[in-house]
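J.: Okay, here's the structure, questions in a sec.
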Amino acid sequence: MENIFSQVERNIDRLVENDVNWSACATAEQLQRARNGQLEMTFGCGRAIPPEWFGDLHGKRALCLAGAGGLQAPLLACAGAKVTVLDLSERMLDKDRAIAARENLDMDIQHGNMCDLSRFADETFDLVLNPPSLFYVPDVMPVFREVHRVLKKGGSFIMCSSNPIAYVCDYDADLGCYKAVNFMPYCSLDHDDQGDWVEYGHTMESYIGGQIAAGFVISGYLEQQAEDITELYFITKGDKR
Ligand SMILES: C[S@@+](CC[C@H](N)C(=O)[O-])C[C@H]1O[C@@H](n2cnc3c(N)ncnc32)[C@H](O)[C@@H]1O
């Protein structure tokens, strides 16, 4: 495969063109409530993030990392933050452009790869919000190190991703249930039946140990199980002290 990130971009664009559920934008009502001080922040997995994880966002600089789609970035902007959204998919970014134009929101919308944040100076942001997306990068450490670098001291990194159980288990149609069949870490490219889909199952050691190794202090942890029972998401809040 020539470049995994070009392939991920094509895969995401194709899903967005087919209206995948996690590309649904914030509603006008949600945006209005955020303007009125009621921020209801969810990721694609549906779990709401406690408002106290954000605090008062007025005047704060927030980076929505791999966070396009017209959901999180416009909500943060309506809550008073100065928002930058960076994403690999132009189709996802188009949704933020459309909402920014319709709602008259001043958002900085950038096409880019979360593994390379060299365009941002050290200690630029108060908050980095990262919706489920780290399973599209082969190694989470460059992302964690870069996020730690671009955060101000006292800033927070809120991320969501998939628990390894989603990759360890496959549905066995003959047995009529899930079966643990894969060792971790997982890579879709090692499986012929996955076609051109690129996805990585990282260990919890990579996610939690990786953030700690990058310098974060983990101060919050949440989980959300989807209807498909092995789709178990977790959310962490990591602080730069
Ligand atoms: C599942 S969507 C998450 C966004 C959605 N707003 C949500 O609430 O779940 C994953 C996003 O990650 C982006 N993405 C994947 N790999 C990326 C990379 N290496 N750099 C930047 N964005 C990436 C995709 O383009 C997509 O917009």
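The values are calculated or read from the model by the stated rules, or taken from the named source; none is laboratory data. Bear in mind the structure is a predicted one, so any value in this text is a computation, not a measurement. Note: ideal-geometry Cβ built from the backbone for every residue, glycine included; neighbour counts use all protein chains shown.
J.: If you go through segment 219-236 one residue at a time, do you hit one that is under 19 Å from Leu134 (Cβ atoms), in contact with a Leu (Cβ under 8 Å, 6 or more places away or on another chain) and aromatic (Phe, Trp, Tyr)?
T.: Yes, because at least one residue in segment 219-236 is under 19 Å from Leu134 (Cβ atoms), in contact with a Leu (Cβ under 8 Å, 6 or more places away or on another chain) and aromatic (Phe, Trp, Tyr).
J.: So, one more: Taking the condition of being among the β-branched types (Val, Ile, Thr) and not in a loop (DSSP other than H, G, I, E, B), how many residues in segment 36-72 meet it?
T.: The total comes to 1.
J.: Take residues that are out of contact with any strand residue (DSSP E or B) (no Cβ under 8 Å at 6 or more places or on another chain) and away from the ligand (no atom under 16 Å from the Cβ) and tell me which of the strands (runs of 3 or more DSSP E) falling wholly in segment 113-225 contain 1 or more.
T.: Working: elements: 125-130, 151-162, 169-172, 177-180, 217-225.
It comes to 151-162.
J.: The conditions are (1) without any contact (Cβ under 8 Å) to a residue 60 or more places away in the chain; (2) not in a strand (DSSP E or B), and Ile109 fails exactly one of them. Which is it?
T.: Answer for Ile109: the failing condition is (2).
J.: Next question, about the same structure. Give Leu75, Leu86 a once-over and let me know the one that is within 11 Å of the ligand (Cβ to nearest atom), in a helix (DSSP H, G or I) and of a type outside the set (Phe, Trp, Tyr). Quick ask: steps written out before the conclusion?
T.: On the way: Leu86 fails: in a helix (DSSP H, G or I).
Matching residue, one of Leu75, Leu86: Leu75.
J.: Right, another one. Going by the conditions given, is Met184 surrounded by fewer than 17 Cβ atoms within 10 Å (Cβ to Cβ) and not small (Gly, Ala, Ser)? Explain how you work it out, then say what you get.
T.: On the way: surrounded by fewer than 17 Cβ atoms within 10 Å (Cβ to Cβ): yes; not small (Gly, Ala, Ser): yes.
Yes.
J.: Any residue at all in segment 207-219 that's buried (at least 16 other Cβ atoms within 10 Å of the Cβ) and in contact with an Asp or Glu (Cβ under 7 Å, 6 or more places away or on another chain)?
T.: Taking every residue of segment 207-219 in turn, at least one turns out to be buried (at least 16 other Cβ atoms within 10 Å of the Cβ) and in contact with an Asp or Glu (Cβ under 7 Å, 6 or more places away or on another chain).
J.: Can I ask one more? Contact list please: Cβ distance under 6 Å, first residue in segment 44-67 and more than 16 Å from the ligand (Cβ to nearest atom), second residue at pLDDT 95 or above and part of a loop (DSSP other than H, G, I, E, B), pairs at least six apart or on different chains.
T.: Partner pairs satisfying both residue conditions: Pro51/Leu39; Leu57/Ala79; Leu57/Gly80; Leu57/Ala81; His58/Gly80; Lys60/Ala81.
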